[in-house]
1. Using the structure shown, select from 91/207; 107/188; 107/223; 47/100; 353/420 the pairs with a Cα to Cα distance greater than 29 angstrom.
2. Hey, any idea what % of the chain's accessible area is carbon plus sulfur with a 1.4 Å probe?
3. To the nearest 0.05, what FRET efficiency results for residue 117 and residue 160 with a Förster distance of 22 Å applied to their C-beta separation?
4. Which value, in debye to the nearest 20, describes the size of the charge dipole of segment 357-428 about its Cα centre when Lys and Arg Cβ atoms bear +1, Asp and Glu Cβ atoms bear -1, and nothing else is charged?
5. I'd like the FRET efficiency for residue 433 and residue 408, computed as 1/(1 + (r/R0)^6) with the beta carbon distance as r and R0 of 41 Å, rounded to 0.05.
6. For segment 317-352, list residues with backbone N below 15 Å from a point placed 7 Å from the Cα of residue 290 toward its Cβ?
7. Once the piece of chain linking residue 46 and residue 384 is laid out straight, how much longer is it, given 0.36 nm per residue of separation minus the C-alpha distance between them?
8. Can you give the FRET efficiency for residue 426 and residue 400, using 1/(1 + (r/R0)^6), R0 = 35 Å, r = Cβ-Cβ distance, to the nearest 0.05?
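The values are calculated or read from the model by the stated rules, or taken from the named source; none is laboratory data. If you're wondering where the values come from, they're calculated on a predicted model, not measured in any experiment. Virtual Cβ from ideal backbone geometry, glycine too; neighbours counted across all protein chains shown. Each accessible area value is taken on the protein alone, full model and side chains, heavy atoms only, with ligands, DNA and RNA left out. Shrake-Rupley method; radii C 1.70, N 1.55, O 1.52, S 1.80 Å.
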Amino acid sequence: MKKLHIICFTLLSLSFSYSQNTENPWVISLGANLINLSGDDVDSGIKFGAPSVAVSRYLIGGVSFGGEYTLGNAEDGDKEYSYSSLEGNLKLNIVNDPKKSVRPFVKASYGLVRFDEKVDKEGPFPSTEANYTLSGGVGVDIDLSDHISLNLSTSIQSNMEDESSFEVGFNHMKHIVGFSYGFAIADKDRDGIRDRIDECPQEAGLKEFDGCPDSDGDGIIDKADDCPNTAGIAEFNGCPDSDGDGIIDSDDRCPQEAGSEDLKGCPDNDRDGIANPDDDCPNQAGSADNNGCPWGDRDGDGVTDDRDACPDVPGKGEDGCPTIPQSIIDWTSSEKATLHFAGDSSKLSEENKSTLSDELAPILRDYNAIELLIEGHASSDGSEKYNYELGLARAQSVVDFLVEQEVDPNRLEIVSYGEKQPVANNNTRKGRSANRRVKIILKTQE
């Protein structure tokens with residue numbers, strides 16, 4: 001008996017079994033057996049026999065139902081018996097996880113068992129006397145391949161009838177070692193990975209990813225990949241960072257150029273705080289107010305255009321404007337800056353021409369930054385519209401004369417107030433004469 005227990009333990013340690021479940025409901029097994037008689041007056045030997053044939057069908061929750069037919073041999077002292085049994089059994093997997101390759105189980109059986117002395121008889125049960133037997137057993141299942149497996153079980157068989165009712169009968173142990181074959185392997189996505197171990201049974205995948213796909217080949221399975229169709233990195237859940245600046249491409253304004261986070265992934269070559277795409281001068285530090293470019297100096301006076309109040313006229317002051325000579329300030333502040341005209345006339349008098357040519361024009365030619373406002377006025381004689389046009393003509397005659405003296409007309413602006421700004425009473429001859437005038441004003445003092 002001690003030797004028998006050692007053999008059984010060894011067989012249990014080395015046995016394999018096929019996983020039976022809803023994926024593979026039908027399994028057929030073929031194996032060899034060992035019958036060990038038990039009882040106080042029994043001297044059991046070790047006898048192997050064959051075959052043991054079984055068919056089973058998976059039900060639910062790790063439970064399988066099937067039938068088993070066994071032919072074998074038994075020994076009691078100097079007596080040898082042929083052994084046959086036909087049983088129905090229920091098996092319960094203790095570990096009902098289809099992904100586990102090793103699963104112990106328990107089983108219970110009920111059926112017919114016959115011990116017959118070695119005589120020449122025919123048929124699967126060579127005697128009319130078979131005993132009803134109830135048994136309980138244990139075993140272990142270990143997968144060998146998708147279809148083929150090895151299996152082992154051991155059970156204690158107990159006679160259910162009184163000894164007087166059968167010719168020969170024993171309580172005994174039955175050990176079976178055999179091969180099993182599963183008829184079906186479910187693989188819905190046809191990726192060669194059976195559904196019971198396929199983490200993505202509805203999508204064709206790869207073995208190294210337990211049956212899940214990796215569409216972009218970045219080593220991150222699609223269901224864990226935020227960008228399954230674009231190769232990326234694990235740090236960003238499978239999404240790319242093409243320029244390697246630590247900013248995911250979808251949040252990166254410049255995904256092909258390494259940049260900084262505060263500029264949304266764009267570079268700043270000149271380090272002026274303006275991203276290259278927004279910088280008109282990306283390689284020269286500049287001002288945001290000038291689209292990233294440095295301020296120029298159009299008039300070349302040393303004062304940049306952003307600080308130059310007169311960017312097109314060279315000047316010596318801090319504001320970039322030219323210094324106005326005192327002579328023009330004094331002249332425009334004197335009575336000489338007021339030119340009088342005859343009634344209903346816009347013609348300059350010789351005195352006016354002399355004043356303009358000898359005193360004003362030289363100053364304007366020497367200081368080309370000076371700009372003047374030429375105001376034309378009229379007395380109240382005639383209509384308001386007529387007086388407006390007369391004032392405009394008087395101002396224009398001054399401009400025309402100064403242009404003849406080589407003064408830039410763009411520096412001279414004219415305006416007519418007609419009769420609206422009298423300096424004397426239009427009800428008197430002297431007053432009306434005073435109102436027929438042109439006033440020359442320095443624009444910087446306007």
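1. Where the Cα-Cα span goes over 29 Å, the pairs concerned are 91/207; 107/188; 107/223; 47/100.
2. Of all accessible area on the chain, carbon and sulfur atoms account for 51 percent.
3. 0.50
4. So the magnitude is around 240 debye.
5. 0.80
6. Counting backbone N atoms under 15 Å from the label point, the list is 320.
7. Taking 0.36 nm per residue and subtracting the Cα distance, the gain is 107.3 nm.
8. For R0 = 35 Å, the calculated efficiency reads 0.80.
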